[in-house]
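Colleague: Let me begin by handing over the structure; questions about it come next.
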Ligand code: C5P
């Protein structure tokens, strides 16, 4: 018999709390039962009455109002749910959860639960960047807590940066993916590369490029949403780790290749990283010094391994579908077609990255999908829409391969 899923939604005191009635409504539209805990600070931004009305459940606020008669002790409250979601999750609740503090209903429920926990952080950029918060996040992630966001943008306090709570629909997607084990890519393993690589010159200097990692991270997120078991191998990037994705952070092209090879076998591989073509042949062990003689270091470059070409031609673990990117500044389609044949991948996503397009670092991308005997022009889309469309094409292709 179908059992309605239940969420315990813990709302803590960030301005983004005003978005939670909408979140509750969207979850209920998907037949998910929502029980809310509201902290005292959160009730400054959203009323218990509003949450109670949209959830059709009582809203709990105080550790000591829970008694036998309400049949809802804090232990029971946290165990009755299939999933605990904290949104918005302030720096305070993140710190409490990381250290195991339990001095109000929200933190007590988090400590008492035996269910998976998702948190959607929301805070000022400096609070987000603070090493204390970053350490707490690492602690929680290492214990299996899933972080949804945050995202970069303008903040209520007037500053700009990382720390905005994601759109409520992104939380709904993460929750429905968690419950819905049957996406079109369920059972498939995917590998995605993203971001730039850093090639060391000496212990403090490196060669890099302007890749932001936005496109690769978005592809990893979308494949996960369709049910794939995704490993993202990422060079240095400011992008938050996508929800429900295993992230391996590397610096150089050689590290990226090793991490990719260790992630085989897989069914799908998407190489969206902007891998440096060359590295310094001999990395200096000590910092190169400007000694006043005017002598300039002679940096001899050597070629990096081509990860896409290596995995495409893997003797025994070639993924079923291998997709590369081709960032070009001229003759985009011709160059991309030649690249597809040279690197022996199945599809190439070709994009024009000439400076006028603002593709590198920007939010939009205009691409062509190039396969054998096929070239399809896609309209200008946001990088997340390119990722969505690509993930669905991949799902269709995997279905055909299976048929
Ligand atoms: O040769 P080019 O750098 O233009 O090829 C781009 C494609 O090849 C991208 O998919 C990129 O991720 C991949 N690539 C790679 N390893 C390299 C260079 C590029 O995987 N060393």
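Bear in mind that the values in this text are calculations on the coordinates, not laboratory data. Not measured: the values here are computed from a predicted model. Cβ coordinates were reconstructed from backbone atoms using ideal geometry, including for glycine residues, and neighbour counts include every protein chain displayed.
Colleague: Per residue and in cubic angstrom, what volume does the convex hull of the Cα atoms of region 1-139 have? List each step's numbers first, then the result.
Modeller: Details: hull volume 15.4 nm³, N = 139.
Considering the Cα atoms of region 1-139, their hull volume per residue is 111 Å³.
Colleague: So, by mean Cβ neighbours within 10 angstrom, what's the order for 21-27, 214-220, 188-194 with the highest one leading?
Modeller: The peptides rank, most packed first, as 214-220, 188-194, 21-27.
Colleague: Oh, and also: Given axes a ≥ b ≥ c from the Cα gyration tensor, I'd like to know whether region 142-267 is rounded (a/c under 1.5), prolate (a/b larger than b/c) or oblate. Provide the component values of the computation, followed by the final result.
Modeller: Details: a/c = 2.52, a/b = 1.14, b/c = 2.21.
Cα axes put region 142-267 in the oblate bin.
Colleague: Between residue 156 and residue 112, what length in nm is gained on full extension when 0.36 nm per residue of separation is reduced by their alpha carbon distance? Don't jump to the answer; show the numbers that get you there.
Modeller: Working: separation 44, 0.36 × 44 = 15.84 nm, distance 3.25 nm.
That pair, residue 156 and residue 112, stretches by 12.6 nm at full extension.
Colleague: Using the alpha-carbon atoms, what tilt in degrees (0 to 90, nearest 10) does helix 383-402 show relative to the longest principal axis of the chain?
Modeller: It works out to around 80 degrees.
Colleague: For residue 127 and residue 364 in one chain, what is 0.36 nm times their gap in residues minus the Cα-Cα distance, to one decimal in nm?
Modeller: Working: separation 237, 0.36 × 237 = 85.32 nm, distance 2.88 nm.
Value of the extension gain: 82.4 nm.
Colleague: If r is the Cβ-Cβ distance from residue 53 to residue 320 and R0 is 41 Å, what FRET efficiency results, to the nearest 0.05? Walk me through the numbers on the way to the answer.
Modeller: On the way: r = 49 Å, r/R0 = 1.20.
The formula returns an efficiency of 0.25 here.
Colleague: Further, regarding this structure: Apply 1/(1 + (r/R0)^6) to the Cβ-Cβ distance of residue 333 and residue 40, taking R0 = 60 Å, and write down the FRET efficiency to the nearest 0.05.
Modeller: Values: r = 59 Å, r/R0 = 0.99.
Between residue 333 and residue 40 the formula returns 0.50.
Colleague: What is the chain's relative contact order, in percent, from Cα pairs under 8 angstrom and six or more apart in sequence?
Modeller: Working: 833 pairs, mean separation 42.6, N = 403.
In percent, rounded to a whole number, it is 11.
Colleague: Picking from 307, 75, 250, which is most flexible by a Gaussian network model of the chain using Cα springs under 10 Å?
Modeller: 75
Colleague: Here's a follow-up. Can you give me the C-alpha center-to-center distance between region 304-348 and region 165-208, rounded to a whole angstrom?
Modeller: Value for the Cα centre distance between the two parts: 21 Å.
Colleague: How much length is gained on full extension from residue 238 to residue 300, taking 0.36 nm per residue of separation minus their Cα-Cα distance?
Modeller: Working: separation 62, 0.36 × 62 = 22.32 nm, distance 2.97 nm.
Contour length minus Cα-Cα distance gives 19.4 nm.
Colleague: Have a look at the chain and give its Rg and Dmax from the Cα atoms, expressed in angstrom.
Modeller: 23.7, 84
Colleague: To continue, here is another question. Applying 1/(1 + (r/R0)^6) with R0 = 45 Å to the Cβ-Cβ distance of residue 204 and residue 25, what FRET efficiency is obtained, to the nearest 0.05? Could you put the intermediate results ahead of the total?
Modeller: Details: r = 52 Å, r/R0 = 1.15.
That pair, residue 204 with residue 25, gives E of 0.30.
Colleague: How far is helix 168-179 tilted, in degrees, relative to the longest principal axis of the Cα atoms in the chain, given as a value from 0 to 90 rounded to the nearest 10?
Modeller: It is inclined by approximately 90 degrees.
Colleague: Continuing with this model, one more query. With labels modelled as points extended 7 Å from the Cα through the Cβ direction, what inter-label distance (nm, one decimal) is found for residue 103 paired with residue 288?
Modeller: 5.3
Colleague: Hey, another quick one. What does DSSP give for the chain in terms of the percent of beta bridges that are antiparallel, rounded to the nearest 5?
Modeller: On the way: 19 of 63 bridges.
Rounded to the nearest five, the antiparallel share is 30 percent.
Colleague: For region 217-235 and region 248-264, what is the separation of their C-alpha centers, rounded to whole Å?
Modeller: Value for the Cα centre distance between the two parts: 15 Å.
Colleague: So for region 257-403, what percent of the C-alpha to C-alpha distances run longer than 25 Å? Before the final figure, lay out the partial values.
Modeller: Details: 4303 of 10731 pairs.
In whole percent, the long-distance tail amounts to 40.
Colleague: By the gyration tensor of its Cα atoms, with a ≥ b ≥ c the square roots of the eigenvalues, what is the shape of region 333-403: rounded for a/c under 1.5, prolate for a/b over b/c, or oblate?
Modeller: oblate
Colleague: Using only alpha-carbon positions, what ratio does the radius of gyration of region 218-343 give when scaled by 2.2 N^0.38 Å? Show your work: numbers first, answer last.
Modeller: Details: Rg = 17.8 Å, N = 126, 2.2 N^0.38 = 13.8 Å.
The reported ratio for this selection is 1.29.
Colleague: Among 183, 158, 213, which one moves the most in a GNM of the chain with springs linking Cα atoms closer than 10 Å?
Modeller: Residue with maximal mean-square fluctuation among 183, 158, 213: 158.
Colleague: Also: Kindly identify region 91-189 as rounded, prolate or oblate by the Cα gyration tensor criterion: order the square roots of the eigenvalues as a ≥ b ≥ c, call it rounded if a/c is under 1.5, otherwise compare a/b with b/c, prolate if a/b is larger, else oblate.
Modeller: Working: a/c = 1.99, a/b = 1.19, b/c = 1.67.
Oblate, since a/c reaches 1.5 and b/c is not below a/b.
Colleague: So, by mean Cβ neighbours within 10 angstrom, what's the order for 124-134, 198-208, 97-107 with the highest one leading?
Modeller: Highest-to-lowest ranking by the protection proxy: 97-107, 198-208, 124-134.
Colleague: Another question, then. With everything on Cα atoms, drop me the angle between helix 131-142 and the longest principal axis of the chain, reported from 0 to 90° to the nearest 10.
Modeller: For helix 131-142, the angle is close to 90 degrees.
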